1. Using alpha carbon centroids, what distance separates region B:166-222 and region A:222-260, in Å?
2. In degrees, nearest 10, range 0 to 90: what is the angle between the Cα axis of helix A:191-207 and the longest Cα principal axis of chain A?
3. Which loop GluC sites (Glu not before Pro) in region A:56-128, with loop taken from DSSP, have no more than 12 other Cβ atoms within 10 angstrom of their Cβ?
4. Using a 10 Å cut-off on Cβ to Cβ distances, tally the other chain neighbours for every residue of A:47-59 and report the average as a whole number.
5. Pop out a list of residues from region A:354-402 that are at least 10 Å² less accessible with all the protein chains around than in their chain alone; 1.4 Å probe, no ligands or nucleic acids counted.
6. Could you work out the local net charge near B:Gly44, counting Lys and Arg as +1, Asp and Glu as -1, over the other residues with Cβ closer than 9 Å to its Cβ?
7. Provide the net charge surrounding B:Asn167, with neighbours chosen by a C-beta distance below 12 Å and charges set as Lys +1, Arg +1, Asp -1, Glu -1.
8. For peptide A:65-71, what's the mean number of Cβ atoms from other chains within 10 Å of each residue's Cβ?
Amino acid sequence: MIKFRQGFYADVRVEDRFTTSIRYRNGSLEECKSSSVKKAFIRVYDGTMWYYSSTYKLDDIQEELEALYKNATANFGVYSTPVVQKLEAHNKQKLVFVDNCVKDVPEEAKRAFLTQRLAAFEGCGYIKMTTALYNDRYSLYEFFSSKGSHIKYDYQMCGASFSASYADGENTFDDNLQRSATTFGALAVTEDDLKGMVEEDVNYLLNAKPVEPGSYPVILAPVVAGVFAHESFGHKSEADFMVGDETMRREWEIGKKVGADILSIYDSGLIEGCGYVPYDDEGTKAGKVYLIKNGVLAGRLHSAATAADLGEAVTGNARGVSCDFEPIVRMTSTVIEAGDKTEEELFAGVSHGYFIKGIKHGSGMSTFTLAPSLCYEIVDGKIGSPVKIAVLTGNVFETLNDIVGLSDKCEIFSFVTGGCGKMEQWPLNVAFGGPYVAISKMNIS
Amino acid sequence: MNQEKLTQNTVSYSVNITNNAVDSFRISSDLKTVIRVYDGGCIGIAGAIGECDEDALAEQAKEKLTQGIPYPESLPQGGERTEVVENEFFEEGEMVPACRALVGELACAFPGFIFANKINTIKYTAHYVNSAGCDYCYSGNTFVISLTIKAKGSANIMDLGYGTTQNYFDAKKIVSDVGVLLNVYENKLPMPEEELPVLVPTEVLQYIATDMIAEKYMAGSSLLGGKLGEQVFNKKVSFNVYRKTDNTTLDPFFDDEGTTLEGDQCSIIKDGVLNALITYRRSAANFSLPLSGSASSDFDGVPTFGNSALRLMPSDDSLKALLGGGRAIYVAMTSGGDMTRSGDLGLPVQLAYLYEDGRLVGVLPEFSLSSNIFEVLGDSLIGIAKNDAFQFMDETLIATKMKVNK
């Protein structure tokens, strides 16, 4: 039982994280491990400063807490400070995955999930190296605060990634197929999926040509649109960039027109997948927050500190990548809402442009960058030859206004490798998605 | 049965800065132990966080042998070596006052800007022992300065950054360095008409470094395929696994498998020639290649290749002398960027300065750079040198020619 002192706000977050990682390279087992790591992150606030401790000594949490109290200065008005006023107190337990826990799935079954599908890579002379990866994670979180919170909830994801490196002489190409699910039984990758990937990749390897750098109409596939939403606008919606900055508040005033009328982007911790965060790492309950609604700035993402500074409501977006770090404002699942056109109608509107089907990574400041994998020319509304594109770039606000069409179905993705990075904290489990998105012009090089 | 143990102990203090004020202080401690056993051509691994019963851990590792993960059994032979690099380190009570003083000086010296993000100090010890008699220990500490800077009145989430790792803390030099960037920040210049050299960070090598990994190279999917022993870049390019303990990034003189290097370095690219591949014990054995000292491992994982100790070595003593006192475009901040599998680079530049005679003189408009990696590091290369515009920031730059897309 943790004893909290008067004169301070304090909370303790404990995560018991189970992970599995299995890797085959060229069919040979290279890694097979299951880990359980239990750590705690302790916070004390005295109304002026936060004091944190990250520790693996779970038997010493009280001592760690006492040490932080010594660094801080007692303030018997701390519960009246705007930050502490914003912190919620919940007494809830939400254990969703106990009956379908990846901890209970035998290691042999996880290995077999990979080995049973490796045959899809056989017989292709262009494949020089293959990697098959299985990852899972089950986290049991427990959160206590001096405001009376006691929350217990769990999180689970599992997934597989199949990668291939191709070569035709000096011409090379790498690609991968990833699938994820919240339970092992729901994880689905068929041999046909993989054979389809190999067939498309070989065509790309043999036929992709460089593009002439310039500005072109593009259509982003849902997975690319999701990364675009995350990088181009999601990070700008994280309110810690606005704390104490009057200019930012004016520039980011709610109600300001920031994109095309058809554009709506939201973030939600309630969606099943990598971005599922029912309570954030300050104990705030998750919700759905529109960042852009019909082209207009509609909201932003908050921790208690940023919500207090900006005089807005908490949103459940204070997250740390693990108990090694303090919670900061982060996204959960960031999604562009679907529009009203069919996929065919979107493509029919492009006489010459490019279809960005796959993505390696993206980043975003005032200029955003997307590094695509598979790309195709669009000619007279039809998908044409494969092309090589190093990066797509653009000014965020110009590009948000250049969105001219959205397809009518939205897909949401959870990657099983990598994650979102912000400053020192990487990789954070997030999800993203959207429909097919048509943009009138983007810079391609 | 061969056995090895790696213990890593990290203590760090971290200060967070928000809107020109220190608003939090974090204490972190971490202790990781891994025991690996080798028998019958396989590896068994067990790891622990925190204090542990090593005998029990060794037994767990032995049980993991049944997983049948193939791995070479050879271990580094014999030898004891200890390197304790004792640099300045803030004790728990010293960190916040020192950082408050620095932030105060920055806010006072540059009232038109807002400073944020982190200053960390880290103490790290790695201890490797094996059943062949090896006993290696490294201990070091460092400061990581990572400041984001925003001009007051700017709508960007940040406009520029200042970051470096150093084995000492010198607030005056940090303020001086930041002044190099900010004193000319409002001097907005047009893009020069003439073609100028560009000064790009060495991170651009990340796009080609994976092609030097043994598995990728030997599989035939490397851009450098078949060129081991051949000239692939300009003679001024040398790319080393650098494990000398004068590094500021806490890379020990041994890798995570206890591999040490002659002179604590291994040349992957030597004078432009692909001299070696990035290896660890498994890839070296599989392909009969020398060890490059590049093994990296999770606390309970099978070792694999890592690239933390890779360094592009300067070819020239002074950037100013290299450029003959002339002008160049200094790329201070990029936004993403990538390379196609043909080696074509696209590099969006978020912030660039005009560099002239060893100084930054003003800010250039946003643009992007494009070229091919073999040109950037080949015929177009002018040289590689430390950025002498700064006193404290330890930055190596590639001076080369690239297409500037305005």
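The values are calculated or read from the model by the stated rules, or taken from the named source; none is laboratory data. Please read these numbers as outputs of a predicted model, since none were measured by experiment. Here the Cβ is made from the backbone with ideal geometry for all residues, glycine too, and neighbour counts use every protein chain on show. For the accessible areas, the whole protein counts, side chains as well, though only heavy atoms, and no ligand, DNA or RNA atoms are used. Shrake-Rupley method; radii C 1.70, N 1.55, O 1.52, S 1.80 Å.
1. 27
2. Compared with the principal axis, the helix lies near 60 degrees.
3. On the way: sites: A:Glu63, A:Glu64, A:Glu66, A:Glu88, A:Glu107, A:Glu108, A:Glu122; in loops: A:Glu88, A:Glu122.
Qualifying residues, ordered by number: A:Glu122.
4. Numbers: counts 0, 3, 8, 5, 5, 7, 5, 7, 5, 9, 5, 1, 1.
Per residue, the number of nearby Cβ atoms from other chains is 5 on average.
5. A:Lys360, A:His361, A:Ser363, A:Met365, A:Ser366, A:Thr367, A:Thr369, A:Lys388, A:Ala390, A:Val391, A:Thr393
6. Within the 9 Å Cβ shell, the charges total +1.
7. Working: positive: B:Lys123; negative: B:Glu86, B:Glu88, B:Asp170, B:Asp246, B:Asp394.
So the surrounding residues net to -4.
8. Values: counts 0, 0, 2, 2, 0, 0, 5.
Averaged over the peptide's residues, the number is 1.
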